[in-house]
Every structure is written in C-alpha cells, then in structure tokens.
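Notes follow once the structure below has been shown.
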Amino acid sequence: MFVLNRGSGRLLLRAALVVVSALALSLFSCAPAEGPVEVSADGALVIPSLDSEIRLRAYRPDPEFLLSWEQEGGGEVKVVLENITASTAVEVIPEEGEAAAYTVSSELPLSLVVTVEGDGRQRFRLSPQGKEAGEPPFFAVFGDSQGRNDVLEKIIEEINLAKVDFVICLGDLVASGTEEEYREFMETMAALECPYYPVMGNHDVRGEGAEHYCSYLAPAEYRFDYGGFRFLFTDSSRMGYSREQLSRLEEELTGALPTFLFLHVPPLDPREKDHAFLDPEEARAFVELISEPSRKVQAVFSGHIHMFHHRVFSGVHHIVSGGGGAALYASATEGGYHHFALCRLEAGELQVEPVKVEAPSRSGDLAVTGPSGDLVFTAAELAELAVLEQELEFQNRLENYRGQGFYRGVPVSVLLEEAGGMKPGDILMVHALDGYAQAYAYENVYPESCGWEERQGQMALAVEYEGMTLPEWAEGYRIAFFPEDGVYDNEDCALTSAEGQGWNIYESAGARWVKTVIRLEVVAK
C-alpha cells in the first residue's frame, strides 16, 4: 500500500521496497518502448539488461536517475532498481519545460513503470525512510568470503536476524575475478534483506575482475552520508595507496561530518607481518592523515587479513574483519574465526561486536573426472596413496617464500590414471572449494616428458602438512610440487607454465599451489 501526495508539480510515492534479486530479472516481461530511451544515474550503476527494461543497482542509499524519452503514441518503460532500503521515498520531478504525462507504480521487487505520451524527461530521487531524526547508523561488516559462499550463506542468515540498516563488504568477494564468480556472489547476496555496499579487494581485481566489479557492483571509490556520518569507500586493492589517492582522500576529509573509512588492504598489519600496504611510506602517510583530529575519522575498516582485530590508536578505531569464509590466518583465541561484525554507536562511542559463524563441515572426499568417468577418493584412500614426502616451500607474487613445511602427497598422475589418464594436449583443471581454478598442461602432470623434473619435480596433491590432515589442516588438500631442492620459485613457475597458463596469466608460483582442492578434471584436447 502507498499514498500519493500531489503538489508543486511533484509526485511523492512512499512504498515498502525490497532488495532485488539478480535471478528475478528473468521473471519480468514488458512491451519495449516504441522510441529511444536514455537514462543517466547518480549513485547507481546502469547495468546492461533486457530491451524491455532499464536495470539499475544503487551503491548509496539516496540514488537518483534521469529518464529521457522520445516517442510517439506512448509506450511503457520499466525501470528495475536494485539494492535499496526496506522502506524508501521516491520523488518524481518533471524537468523544467519537459512536462509529460506519466504514471509511477511499485511492484515487488521494486520496479518503477513510467508510461509516457510524447517526449519527456523525468528525474527520480530516492531517499531512505524509517529512522528517527538523529538516530545513529547500525550496520554490519565482513570481508574475504573469497567464493566460500556456503559460509557467506550462514553470515547472511545471521545478519538478517540482526536487522541492520545495511552491510559493508570489505573486499575479496570472489576468488579470482571471473564473471561467473561475481554472478555466484551476487546470487548468494540476494538473500540479504538489506542493501550492501562493497570495496574492491586484491582477489576481486584479478584478470578482468576490476571491470566486472565496476560493471555490476560499484565504482572503485565512492561515498555517501547517512545518519549524521560520512561513509567513505576507497580502493587499496593494488596493495597500497598512491599519492594521487592520498590527495583525493585529504580533500574528502575536509567536511564537517565524522567519517567511517572502508578499504580492503589495511595500512598496517596488527600482527606486524606483511598483509598490509607494500610501501611503508604510503602506510605512514595514510595513517598520519587519518589520525589528524581535524579530519574527524572515527574508524578505518579493512579486510585482507583473515581474522578479527580491533584496536584504537591516535583516537581512531582500526578494525580488521576478514573472516567471511577464506582460510583463517590465526588461532581462534587470536581472532581467527569466521565472523561478521555489528557496528553501532552508543553514547557517541563506536561499539564493534564480532559475531562468530560456524563454517559448514567439509568432506574429505576428492572427485576426479577423466576419460573413463568420475571417481571419488576418500581421505583414507588418499592417505594410502601418499608416497611423496619432503620439506617444501614456494614463492609468492611479492617474492616472499611461503608454505614452508613438511608435506606428504599423492602424485597427480596416479589419481588421473585411475580415471583414464591424460594425453598430450589435454588440460588438467584443478578446482578449489572457493571456486578458484587453475589450468595445468600434460607436461606439469608428467614433467619427465619434457625435462621439467628438476625445475618442478612431481606434481602432487598434498594430503598432509606438518603432521596435519583434514579438517585440522584448513588449506588442504593442496597442489604441491616436489623438486629435488624443495623450492618452487617464480623462475621455476615461469619455466614450467604452458602458453596461456600459470605464470603467463598471473606471475606467482604460489598461485599454482591451489589450496582446498575438491576436484581434478581432465579436459580433452
């Protein structure tokens, strides 16, 4: 039910609105407009959609858009607006000198249907409703789901119970930046009963990920004001913060409103490790700027480090919330648990409460698909086949050595032979629990076929690390290479990557050490 109020050439429509599911778009049917229709938006993305509708996604609570049309004999234009508050006001304003007949109605999920006669231009302004004047915001944050949508589903269920105003996603929404991963993330988030606003993470921008993010979710940097506070979203997905970004941030922080700042990679790692800005000078400049009392920064929220951590220094809250589903970086007592965080202001003070979420139990089975069909190996069977044992380590994109320890593994060739083997020219796809995947050549599986034994060694599925197996070993099962010297560095990776694979796509030996492997698939030539 809604009430129409007329006056001064403006039409105000107040209606209960819900978040639109991307999946629901196929349910709409509408006769296309008979003439060209143009739309421009502020605070919302115009997303490519069906000919008979215009689809928008809001990235702030108060978006507006301008609709222009030229047609004879009328027609119907459907506008589908996603990601808005549960209750909102819609103001429809004819542009000066462009009065035209139109009607506006609401549907579930929200669609604004504009019927016109002749030419026209109408501006639509939306604003959230329902909060009492002066009532502070109540929101949730989480980061680093990284494709673990089973954990994300649990987080969404709990957030829905909390009845927050909106959710901030602190980056690494997906594992490797593919369009399919983004679609799966958005389909999962469609169950959320409030809007969500994201920042870009380093995993989100892999490949063409930045383009997909900016096409479907939000700009790389944006802001909005809500409940007497400024919410400022900025981009540290490249593992740092440029001088140009710092200059823009300095300008943004000259306003009168107290500010919450959101980014993926934090300026500093509270563990005093390297999961922060790569350049210490950039980190120093960033922290000094936000710590100036005149800037009115209340808190900095980030992800990237897979744990919860909250500290206050120089009067600014620094919150890390990276427990959205990816493998954890610390013990539970140190904040290493899957979670989201509820954020509210009480007596003017920011209160941040982490809410733990139990990840669904994971099977120890491994699926293998080959020419002779599908097989499933149990954890016990894999343990029996694990004949490779060695101290190993790999090099990551930053040229740091990681994964040091003692591994036991099964030669991948042994697993594939059970499913019909692999022939030259075939591709092996390794699939991870979070949706991440890597392609390997015949030569990786059989390095002796081309002289890659010394550089790469045997390609194996590691089933034990430092005496740990599933479920204790959270990163297992894992692809591992067993060269004689026990080191798989970036040069090794470059020299053992076939064209269009591995190093030729992402320059990191560590990217080839796929973790949480659940399936091996031989793709025939």
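The values are calculated or read from the model by the stated rules, or taken from the named source; none is laboratory data. What you are looking at is a predicted structure, and each value in this text was computed from that prediction instead of being measured. Because the Cβ atoms are built from the backbone with ideal geometry, glycine has one as well, and the counts that use them run over all protein chains shown.
Note on segment 474-496: residues that are touching a Pro at 6+ places or on another chain (Cβ under 8 Å) and among the β-branched types (Val, Ile, Thr) total 1.
Matching residues to (1) among the β-branched types (Val, Ile, Thr); (2) under 29 Å from GLY502 (Cα atoms):
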{"residue": "LEU170", "(1), (2)": "no, yes"}
{"residue": "ALA175", "(1), (2)": "no, yes"}
{"residue": "TYR182", "(1), (2)": "no, yes"}
{"residue": "LEU192", "(1), (2)": "no, no"}
{"residue": "THR234", "(1), (2)": "yes, no"}
{"residue": "SER242", "(1), (2)": "no, yes"}
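Within segment 290-307, the set of residues being among the small types (Gly, Ala, Ser) and surrounded by fewer than 17 Cβ atoms within 10 Å (Cβ to Cβ) comprises SER291, SER294. Do the conditions hold for ALA524, that is, is it small (Gly, Ala, Ser) and crowded, with 19+ Cβ neighbours inside 10 Å? Criteria not met by ALA524.
Conditions (1) outside any loop (DSSP other than H, G, I, E, B); (2) among the small types (Gly, Ala, Ser); (3) crowded, with 18+ Cβ neighbours inside 10 Å, marked per residue:
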{"position": "ALA140", "(1), (2), (3)": "yes, yes, yes"}
{"position": "ILE159", "(1), (2), (3)": "yes, no, yes"}
{"position": "LEU173", "(1), (2), (3)": "no, no, yes"}
{"position": "ALA191", "(1), (2), (3)": "no, yes, no"}
{"position": "MET200", "(1), (2), (3)": "no, no, yes"}
{"position": "HIS203", "(1), (2), (3)": "no, no, yes"}
{"position": "ARG230", "(1), (2), (3)": "yes, no, yes"}
{"position": "ASP235", "(1), (2), (3)": "no, no, yes"}
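State all residues of segment 272-289 that are in contact with a helix residue (DSSP H, G or I) (Cβ under 8 Å, 6 or more places away or on another chain) and surrounded by fewer than 20 Cβ atoms within 10 Å (Cβ to Cβ); if no residue qualifies, say none. Show your work before the answer.
Looking only at segment 272-289, we keep the residues that are in contact with a helix residue (DSSP H, G or I) (Cβ under 8 Å, 6 or more places away or on another chain), and these are 276-277, 282, 285-286, 289.
Matches in segment 272-289: ALA285, LEU289.
Meeting the requirement of 2 or more residues that are farther than 20 Å from ARG519 by Cβ and either out of contact with any strand residue (DSSP E or B) (no Cβ under 8 Å at 6 or more places or on another chain) or in contact (Cβ under 8 Å) with a residue 40 or more places away in the chain (or both), the helices (runs of 4 or more DSSP H) wholly within segment 396-493 are 453-456. Tell me, please, whether a residue that is in contact with a helix residue (DSSP H, G or I) (Cβ under 6 Å, 6 or more places away or on another chain) and hydroxyl-bearing (Ser, Thr, Tyr) can be found in segment 389-401. So far as segment 389-401 goes, no, none of its residues is in contact with a helix residue (DSSP H, G or I) (Cβ under 6 Å, 6 or more places away or on another chain) and hydroxyl-bearing (Ser, Thr, Tyr).
Strands (runs of 3 or more DSSP E) fully within segment 278-357 that include at least 1 residues being under 27 Å from SER242 (Cβ atoms), in the same structural domain as SER247 (by TED's automatic domain parsing) and basic (Lys, Arg): 308-313. In summary, ASP235 fulfils each of the numbered conditions (1) over 11 Å from the mean Cα position of the chain (by Cα); (2) touching a residue at least 60 places away in the same chain (Cβ under 8 Å); (3) within 25 Å of GLU282 (Cα to Cα) with the single exception of condition (2). Scanning segment 350-365 for residues that are modelled with pLDDT of 90 or more and aliphatic (A, V, I, L, M) yields LEU350, VAL352, VAL355, VAL357.
Would you call GLU507 part of a loop (DSSP other than H, G, I, E, B), within 31 Å of the chain's Cα centre (by Cα), surrounded by fewer than 16 Cβ atoms within 10 Å (Cβ to Cβ) and in contact (Cβ under 8 Å) with a residue 60 or more places away in the chain? Against the criterion (part of a loop (DSSP other than H, G, I, E, B), within 31 Å of the chain's Cα centre (by Cα), surrounded by fewer than 16 Cβ atoms within 10 Å (Cβ to Cβ) and in contact (Cβ under 8 Å) with a residue 60 or more places away in the chain), GLU507 qualifies.
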